[in-house]
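The values are calculated or read from the model by the stated rules, or taken from the named source; none is laboratory data. For clarity, every value in this text was computed on a predicted model and none was experimentally measured. Ideal geometry is used to build each Cβ from the backbone, glycine not excepted, and the neighbour counts take in all protein chains shown. Heavy atoms of the whole protein, side chains included, go into the accessibility calculation; ligands, DNA and RNA do not. Shrake-Rupley method; radii C 1.70, N 1.55, O 1.52, S 1.80 Å.
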Number of protein chains: 2
Amino acid sequence: MKFIAPSYKDIALAAERIAPYAHITPVLSSENLNKLLGTKIFFKCENFQKVGAFKFRGGCNSVFNISEEHLQKGVATHSSGNHAQAVALAAKLRTAKAYIVMPENAPKVKIEAVKGYGAEIIFCDSTISARESTLADVVKKTGATEIHPYDYFDVIAGQGTCAKEFLENNPELDIIMAPIGGGGLLSGTAIASKAIKPTIKVIGAEPDQADDAYQSFISGKRITDITPNTIADGLRTTVGKLTFSIIQDQVDQIVTVSEASIIEALKLIWTRLKIIIEPSCAVPVAALLEQKIDLSNKPIIGIILTGGNVDLDKLPW
Amino acid sequence: MKFIAPSYKDIALAAERIAPYAHITPVLSSENLNKLLGTKIFFKCENFQKVGAFKFRGGCNSVFNISEEHLQKGVATHSSGNHAQAVALAAKLRTAKAYIVMPENAPKVKIEAVKGYGAEIIFCDSTISARESTLADVVKKTGATEIHPYDYFDVIAGQGTCAKEFLENNPELDIIMAPIGGGGLLSGTAIASKAIKPTIKVIGAEPDQADDAYQSFISGKRITDITPNTIADGLRTTVGKLTFSIIQDQVDQIVTVSEASIIEALKLIWTRLKIIIEPSCAVPVAALLEQKIDLSNKPIIGIILTGGNVDLDKLPW
């Protein structure tokens, strides 16, 4: 089966569509961190994005690309957190109804935020199958438009706007890195980056203990029977069909990292950049700590810091 | 005894002097926070300043205003942390020797940073008298120029550059708030703010449990026999003689807040602004949580977030 992937043109359209609602997020760097990690690194701070995560880009692009007629029955999705907030806020901005299926173990701070945007939450078990079946029920009952958290054309196009912005601000990047969970961000990043700068290397980073994308990537076959066990709660999802086909095509490398390195990287970013990021976005930094990236040519690296929604009562130290 | 306070001209000179070395720090705001706190608030983010705190302004201005001849014997100071880093880095930038007297209970992260800048650390007890006598010994032995952490002309002028920048960026401010420990920041803020915008209200915020400045302010007499017991480690010092005379003259109000409010405000800023700030700079935000500030005319408030050097292993939750 052949999937239709968004093109760079779709990403450019998404950028226009979300421009009135999304922030152009800042890019930070730190001389101390460069020294410590052995090369020049720029950080695209999606923790300062609306709802505190890049997910607003895809959610907003999707909700604002639905026809008025369809929108009357609302939108629905399942998400462990940030995508939920993204869709909830985007729906609120278009005064549409949002139904959000969330796992019971989702971070409290994320559940509260979704409620705050006026969405209706339907709780379920944390397995992918429970989420999907609960969502199917909701969609059947309400007629709402389902916005899949990653395996969805408009979500991928929306996430791609982040790399577009990043490369417009920092055209000197030799490598661009993003974490991989469902693959929406990494696939959008790859499409945008390769279109803007064909020589750029696109690298995904994944926890050892949720390495379905890595295993899929090296085997050339989508592997989904992994039980994730990682602190990076945004990366517990399995790579999608559409996202995997894009990643196979356009991503150069996927690297995996240990939980200990993720926690070390998290603390490093908090301490050195003085910003709050969630564990998922520490994963590419962890790959640098583990020396998984070839720095022999002193590449200039761009890392997408994906979000900042952390439950401060459950810190890993 | 009459002290000579810096004028606005001294602050403008300081701004020129430190410009090649200090950051112009960003100003952040959050619609959610405005809603929650009941008025429009801008945050001047000195946590993104060099050494992670506003103290670099005063330290840098002082070190760079010492003659080459005097500088050969080095500089010396006592500090619970951020001023120490500031003087150490400024000395390093002028390739001068720095002697730093630090209390043994200073946060580990601050001790390590001072060492990282190549300064010589001399440890002492955490009382003010122990710090002062140890520093006097060091100065006597080495001939170094003492840079007092707050009761020092060039330090106050340097700290004043923060409010200057803030009001140049946000001339609409009706109130400007800063925490008060030794009073260097608050006095410099008052001089700069009143010179630029005479109608502005300057408010200091202090922990209940380290309220020497508040008591001094309302009694009109400098009170120093307070034993501070606050999480806001930057505010455990006693208000200075010079700084108190400026504060008496030019500050409109000092408010005090509970430890519980400081912790709540700290968490609020971390969660909503997604930035790391240290407990001291949560104190003005705590005053808003405690409704200690008159908001009846919906004033636009500027708060100086003083620093971001936190020991992540010792968080108060």
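Looking for whichever is buried (at least 24 other Cβ atoms within 10 Å of the Cβ), over 30 Å from B:Asp225 (Cβ atoms) and modelled with pLDDT of 95 or more here; the options are B:Ala86, B:Ala90. Which one fits?
Details: B:Ala86 fails: over 30 Å from B:Asp225 (Cβ atoms).
Exactly one residue qualifies, and that residue is B:Ala90.
Of the residues contained in region A:59-73, one or more are found to be under 17 Å from A:Gly188 (Cβ atoms) and in contact with a Phe, Trp or Tyr (Cβ under 7 Å, 6 or more places away or on another chain). Scanning region B:89-108 for residues that are within 14 Å of another protein chain (Cβ to nearest Cβ) and closer than 15 Å to B:Phe123 by Cα yields B:Pro107, B:Lys108. Across region B:287-317, the qualifying residues are those that are more than 10 Å from chain A (Cβ to nearest Cβ), in a loop (DSSP other than H, G, I, E, B) and β-branched (Val, Ile, Thr), and the one among them that is farthest from B:Lys44 (Cα to Cα) is B:Ile293.
Looking at A:Ile18, is it open to solvent by less than 10 Å² (accessible area, probe 1.4 Å), out of contact with any Pro (no Cβ under 6 Å at 6 or more places or on another chain), closer than 16 Å to A:Met177 by Cα and away from chain B (no Cβ under 14 Å)? Don't jump to the end; show me each part of the working.
On the way: open to solvent by less than 10 Å² (accessible area, probe 1.4 Å): yes; out of contact with any Pro (no Cβ under 6 Å at 6 or more places or on another chain): yes; closer than 16 Å to A:Met177 by Cα: no; away from chain B (no Cβ under 14 Å): yes.
So A:Ile18 does not fit the description; no.
Of the residues screened, B:Val310 is one that is of a type in the set (Val, Ile, Thr), open to solvent by 10 Å² or more (accessible area, probe 1.4 Å) and more than 25 Å from A:Lys50 (Cα to Cα). Annotation note: Cβ proximity below 7 Å between a residue of region B:206-225 that is touching a residue at least 40 places away in the same chain (Cβ under 8 Å) and a residue that is open to solvent by 50 Å² or more (accessible area, probe 1.4 Å) (sequence gap 6+ or interchain) occurs for B:Glu206/B:Tyr214; B:Gln209/B:Asn229. Contact annotation: residue pairs with Cβ atoms under 8 Å, 6 or more positions apart or on different chains, pairing a residue in region A:285-301 that is assigned by TED's automatic domain parsing to the domain that holds A:Thr199 with a partner that is in a helix (DSSP H, G or I) and open to solvent by 80 Å² or more (accessible area, probe 1.4 Å), are A:Ala286/A:Glu264; A:Leu289/A:Glu264.
Run A:Leu33 past the list (1) farther than 17 Å from A:Ile156 by Cα; (2) assigned to a helix (DSSP H, G or I); (3) outside the structural domain of A:Ser193 (by TED's automatic domain parsing) and report the number of the one that doesn't hold. With (1) farther than 17 Å from A:Ile156 by Cα; (2) assigned to a helix (DSSP H, G or I); (3) outside the structural domain of A:Ser193 (by TED's automatic domain parsing) applied to A:Leu33, the lone miss is (3). Comparison of B:Val239, B:Val251, B:Val257 shows that the only residue that is of a type outside the set (Ser, Thr, Tyr), touching a Pro at 6+ places or on another chain (Cβ under 9 Å) and under 19 Å from B:Thr306 (Cα atoms) is B:Val257. When the helices (runs of 4 or more DSSP H) confined to region A:56-157 are screened for residues that are out of contact with any Asp or Glu (no Cβ under 9 Å at 6 or more places or on another chain) and over 26 Å from A:Asp10 (Cβ atoms), those reaching at least 2 such residues are found at A:108-116, A:128-142. Take B:Asn47 and tell me if it is of a type outside the set (D, E, K, R), in contact with a Gly (Cβ under 9 Å, 6 or more places away or on another chain), surrounded by fewer than 23 Cβ atoms within 10 Å (Cβ to Cβ) and outside any loop (DSSP other than H, G, I, E, B). Considered against the rule, which asks whether it is of a type outside the set (D, E, K, R), in contact with a Gly (Cβ under 9 Å, 6 or more places away or on another chain), surrounded by fewer than 23 Cβ atoms within 10 Å (Cβ to Cβ) and outside any loop (DSSP other than H, G, I, E, B), B:Asn47 comes out as no. So is B:Lys97 open to solvent by 20 Å² or more (accessible area, probe 1.4 Å), closer than 16 Å to B:Val114 by Cβ, without any contact (Cβ under 8 Å) to a residue 60 or more places away in the chain and under 19 Å from the mean Cα position of the chain (by Cα) or not? So B:Lys97 fails the test.
Say we look at region A:255-286 and pick out the residues that are surrounded by fewer than 24 Cβ atoms within 10 Å (Cβ to Cβ) and away from chain B (no Cβ under 14 Å); which of these is nearest to A:Ala190 (Cα to Cα)? In this case the residue turns out to be A:Val255.
When the criteria are applied in full, B:Leu173 meets the requirement of being open to solvent by less than 10 Å² (accessible area, probe 1.4 Å), within 30 Å of B:Ala286 (Cα to Cα) and in a loop (DSSP other than H, G, I, E, B).
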